[in-house]
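A quick write-up on the structure given underneath.
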Amino acid sequence: MKVSRGRLLSSLFAGVGIAALLLPASAQAHGIVGRADLPIPVWLFSWAAAIVLVVSFVALSTLWQQPQLQEQHRRALFRLPRLFERLANLVGVGLFALVLYSGFAGAQVPNANFSVTFIYVIFWVGMPLASVLFGDIFRAFNPWRTCARVIAGLIGALGARRPRGAPLRYPKWLGLWPSAGVIAGFAWLELVYIPADRERPSTLAALSLAYFLVMLAGMAAFGIEEWGGAADGFGVYFNLLSRLSALWRDEDGVLYLRRPLSGITDLQIRAGTVALICTIIGTTTFDGFSNGGVWRNVEPSLGNLFGDLGFNQTPALELAYTLGLIFCIVLIGFVYRIGIAGVRSVGSRYDTEQLTHAFAHTLVPIGVAYVLAHYFSLLIWQSQAMVYLASDPLGNGANIFGTSSYQIDYHVISYAAIWYVQVAALLSGHVAGLALAHDRALVMYRDPEEAVRSQYWMLAVMVAFTSFGLWLLSSVGT
């Protein structure tokens, strides 16, 4: 591939310049876990991160001359026994039942109740990362899918007439919008709703039961797989991230090893797909942003604004946070559309909608990077609570497995090590996004140089997202 050296150098300096503008050199080094005394200053991390992205872009432009990720190149490993899936089904239903039981019948103390830690830590944070590592394992553990299939099987076994298809047809225009709404709604519960209520076990149990019933009703009306693949926000979310995994299991239970990242390139773009991806990144962005100094300066003004409109203090605060959450989601979408507009300027072969769909999958690794960077400390520490919660899930003093006296070890990893992991996650996710964008450009543009030029703006988008992510990590608590 022949690409002018001057243009590559121009992109190099442009990317570094963007990073210099977006990253305050005076930012202090601490993330969501508190201040960390790092051996080198944060501004050096920031410049190094931008340089890594730009150098990666130059390397891709010169060395990656043919598409490598459009085919998965699967290699069969072994067949998982059917018993494995059946056990996973039982475990998933059992854990869901325990969430409901502990939430309703257990002590209404967040740290002492199984449901709170399981939902906010294991399910919301652990499952996405497990999906990237091991594939779509939630499909087997999904309790509402399992129950829907059991109910359908029982109806058939009782001799009732089963219709050939679902009673209703899922609207094509609706696409993944319900899933985007579910993810945004859960983020609203976690980040906006009154803390005393969102952490109350009975509230979480009631919401879990309501979601379970809605899923069963939707699957009965539109079909188990059709509804689950579009409107089950958590199932769709975990499946989306699992496409980045090197592991994939087919319907016959055969486990395959495939080229990493290749599973995301054939992502079917439906109505709401781009919105879902932007929601994943935007909600995590607001989680970090709402803990920073900038938001603490803006939030009182917003709260007073809604207070002046007649709202009481609590609703006014919730409206302020809701507005901030929406703003972060829209901001992510806006930055992505700027990058697409830049790609569109290269030529008139593709319109904006085609390009938006073509490169949407490149944002998925960034979503994973933001989740890992922001929640890593929560996962590594708070997941240890499951050791004592397993023995005392209701918080009533039981000691089923003899581990109720276990205490979380906060010295298992240092603050500095956590910050290194967060930075590494951000860089890895954005480099992966660059690789996916470059690979797709090679398919769409016949001229290799045109393909490289089309990615200048995507490089700027990746640098911007990386810079913003690092700024969020460094500004929390300031």
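The values are calculated or read from the model by the stated rules, or taken from the named source; none is laboratory data. All figures in this text were calculated on a predicted structure; none of them were measured in a lab. Methodologically, a virtual Cβ is constructed for each residue, glycine included, from the backbone with ideal geometry; neighbour enumeration extends over all protein chains shown. Keep in mind that these areas ignore ligands, DNA and RNA; they rest on the heavy atoms of the full protein, side chains included. Shrake-Rupley method; radii C 1.70, N 1.55, O 1.52, S 1.80 Å.
At a glance:
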read-out	value
Residue match in region 116-126 (condition: under 30 Å from residue 445 (Cβ atoms) and either surrounded by 18 or more Cβ atoms within 10 Å (Cβ to Cβ) or among the β-branched types (Val, Ile, Thr) (or both))	no
Any hit, region 146-159, residues being among the polar types (S, T, N, Q) and over 30 Å from residue 287 (Cα atoms)	yes
For residue 433: the one exception among (1) outside any helix (DSSP H, G or I); (2) surrounded by 22 or more Cβ atoms within 10 Å (Cβ to Cβ); (3) of a type outside the set (A, V, I, L, M)	(1)
Options 209, 244, 216: the member that is of a type outside the set (Val, Ile, Thr) and touching a Cys at 6+ places or on another chain (Cβ under 7 Å)	216
Selection count, region 245-279, where residues are open to solvent by less than 20 Å² (accessible area, probe 1.4 Å), closer than 24 Å to residue 439 by Cβ and in contact with a helix residue (DSSP H, G or I) (Cβ under 7 Å, 6 or more places away or on another chain)	7
Near pairs, Cβ below 8 angstrom, 6+ apart or cross-chain, from region 296-323 (free of Cβ contacts under 8 Å to residues at least 12 places away in the same chain) to any residue that is open to solvent by 70 Å² or more (accessible area, probe 1.4 Å)	307/313
Options 82, 86, 75; residue that is open to solvent by 40 Å² or more (accessible area, probe 1.4 Å) and in contact with a strand residue (DSSP E or B) (Cβ under 8 Å, 6 or more places away or on another chain)	75
Looking only at region 399-430, and only at residues there that are surrounded by 12 or more Cβ atoms within 10 Å (Cβ to Cβ) and without any contact (Cβ under 8 Å) to a residue 12 or more places away in the chain, the one that is farthest from residue 246 (Cα to Cα)	401
Elements of type helices (runs of 4 or more DSSP H) contained in region 244-361, each with 3 or more residues being of a type outside the set (Val, Ile, Thr) and closer than 30 Å to residue 69 by Cβ	273-289, 313-344, 352-358
Residue count, region 376-388 (criterion: hydroxyl-bearing (Ser, Thr, Tyr) and at pLDDT 90 or above)	2
